[in-house]
Amino acid sequence: MPIISIDGTSDPRLADFEAVPDPELLRSRNQFVVEGRFAIQTLLREPRFHLRALLLTKNTFRVLARELSGQLLETVFVYITSAANFKIGGYDFHRGYLALVDRPEPIPVCRIISAVESRNPILALDRIGNPDNIGGLFRNAAAFSVEAVLLGPGCCDPLYRKAIRTSIGKTLQIPFSTTNEWSVTLDALRAKGYVVVALTPDQKESIELKEFLSFFENQRRVVWLLGAEGDGLSEEALDAADFRVRIPLNQSVDSLNVATAAAIALHRLWEYDD
């Protein structure tokens, strides 16, 4: 497709981008949006996704020129506008990078589980609706070689633009799926040799992280169950766990941000594996 210069965001050729601030409208169109340089560069390396259009400035187009060369430019609309005009639906996307992408078919959870062959851990997320937390969890998952991420009811869409941005594009790389039945899903992972661990701040019914890890040296096949801040894990998720584990804290703090707690648990597991 040709590279198209746009004088302003009212140009009718940008009609599809008007849905950028509305995640529900995007989902109804089977689309999602990626913003930011690093996330779009990740997107361009992932064959699973079909890129529909890009909205860039002259400068950001130059940055992406190498990734956009060849066949890709023949199939993707590339719109170029000035930074002053880079405003969609009342939002100022001042970084100058926006991509409109067709949403792929979801990966069934049974396929995720059947594909597990490594010793790497898995994250199981329960009722985590904050996109910053979802993005942070995927970023941590990439940092510590997590095999996959499973999302229960109430979780934010990992393909929501803010979650993608916060994850620096890792929600586009790490396999994920959704489940409505923790007990069935986690039993299938136990059959693959995994231990299911619920991270909880509850001191009465849990053991400390260090104590748990001392039982399982050289064992990275752990499913870390993590819940929303405030409400925590659902009773169904807690009941499905083999162990309830806590990270000891100063008494002046009752809990950690969920992404921070996951990073600590994943890093400690990583250390024990070494």
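The values are calculated or read from the model by the stated rules, or taken from the named source; none is laboratory data. A quick note: this is a predicted structure, and the numbers were derived from the prediction, not measured. Positions of Cβ are generated from backbone atoms using ideal geometry, with glycine treated the same way; all protein chains shown enter the neighbour counts.
Quick check on region 97-108. Is at least one of its residues in a loop (DSSP other than H, G, I, E, B) and at pLDDT below 90?
There is no residue in region 97-108 that is in a loop (DSSP other than H, G, I, E, B) and at pLDDT below 90.
Does region 228-274 hold any residues that are within 17 Å of ILE207 (Cα to Cα), surrounded by 15 or more Cβ atoms within 10 Å (Cβ to Cβ) and polar (S, T, N, Q), and which are they?
Within region 228-274, just SER255 meets the criteria.
Within region 1-92, considering only helices (runs of 4 or more DSSP H) that don't extend past its boundaries, which have at least 2 residues that are at pLDDT 90 or above? Explain how you work it out, then say what you get.
Details: elements: 23-28, 37-44, 58-64, 72-75.
In region 1-92, the matching helices (runs of 4 or more DSSP H) lie at 23-28, 37-44, 58-64.
Yes/no per residue for (1) surrounded by 13 or more Cβ atoms within 10 Å (Cβ to Cβ); (2) in contact (Cβ under 8 Å) with a residue 12 or more places away in the chain; (3) hydroxyl-bearing (Ser, Thr, Tyr):
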position	(1), (2), (3)
GLY8	no, yes, no
GLU18	yes, yes, no
GLU24	no, no, no
GLU35	yes, yes, no
HIS50	no, yes, no
GLU74	no, yes, no
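Between a residue in region 171-196 that is outside the structural domain of GLU35 (by TED's automatic domain parsing) and any residue that is of a type in the set (D, E, K, R) and outside any helix (DSSP H, G or I), which pairs come within a Cβ distance under 6 Å, given they are 6 or more apart or on different chains?
Partner pairs satisfying both residue conditions: LEU172/GLU46; GLY193/ARG221; TYR194/ARG221; VAL195/ASP242; VAL196/ASP242.
Looking only at residues that are among the basic types (Lys, Arg) and either in contact with a Phe, Trp or Tyr (Cβ under 6 Å, 6 or more places away or on another chain) or surrounded by fewer than 22 Cβ atoms within 10 Å (Cβ to Cβ) (or both) in region 130-164, which one is farthest from LEU189 (Cα to Cα)? Reasoning before the result, please.
Keep residues of region 130-164 that are among the basic types (Lys, Arg), which gives 139, 161-162.
Among the residues that remain, those that are also either in contact with a Phe, Trp or Tyr (Cβ under 6 Å, 6 or more places away or on another chain) or surrounded by fewer than 22 Cβ atoms within 10 Å (Cβ to Cβ) (or both) are: 139, 162.
Details: ARG139: 23, LYS162: 30 Å.
Only one residue tops the list, namely LYS162.
Quick grid of which residues meet (1) at pLDDT 95 or above; (2) over 22 Å from ASP22 (Cα atoms):
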| position | (1), (2) |
| --- | --- |
| SER145 | no, yes |
| PRO153 | no, no |
| ALA163 | yes, no |
| ILE168 | no, no |
| GLN173 | yes, yes |
| ASN180 | no, yes |
| LEU186 | yes, yes |
| PRO201 | no, yes |
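Give the residues of region 155-197 that are small (Gly, Ala, Ser), at positive phi and touching a helix residue (DSSP H, G or I) at 6+ places or on another chain (Cβ under 6 Å), sorted by residue number.
The answer is GLY169, and nothing else.
Looking at region 204-218, I want the residues that are in the same structural domain as GLY193 (by TED's automatic domain parsing) and have a partner that is at pLDDT below 85 and of a type outside the set (S, T, N, Q) with Cβ atoms under 8 Å, at least 6 apart or on another chain. Which pairs are those?
LEU213/TYR272; PHE216/TYR272; GLU217/TYR272; ASN218/TYR272; ASN218/ASP273
Show the residue pairs meeting these rules: Cβ distance below 8 Å; 6+ apart or different chains; first residue within region 234-248 and in contact (Cβ under 8 Å) with a residue 60 or more places away in the chain and farther than 15 Å from PHE216 by Cβ; second residue in a loop (DSSP other than H, G, I, E, B) and among the small types (Gly, Ala, Ser).
Once the first residue is in contact (Cβ under 8 Å) with a residue 60 or more places away in the chain and farther than 15 Å from PHE216 by Cβ and sits in region 234-248, its partners that are in a loop (DSSP other than H, G, I, E, B) and among the small types (Gly, Ala, Ser) give SER234/GLY152; ALA237/GLY152.
Give all pairs with beta carbons closer than 7 Å in which a residue from region 112-136 that is closer than 10 Å to GLU147 by Cα meets a residue that is surrounded by 22 or more Cβ atoms within 10 Å (Cβ to Cβ) and among the aromatic types (Phe, Trp, Tyr); count only pairs at least 6 apart in sequence or on separate chains.
Cβ pairs passing all conditions: PRO121/TRP224; ILE122/TYR194; LEU123/TRP224.
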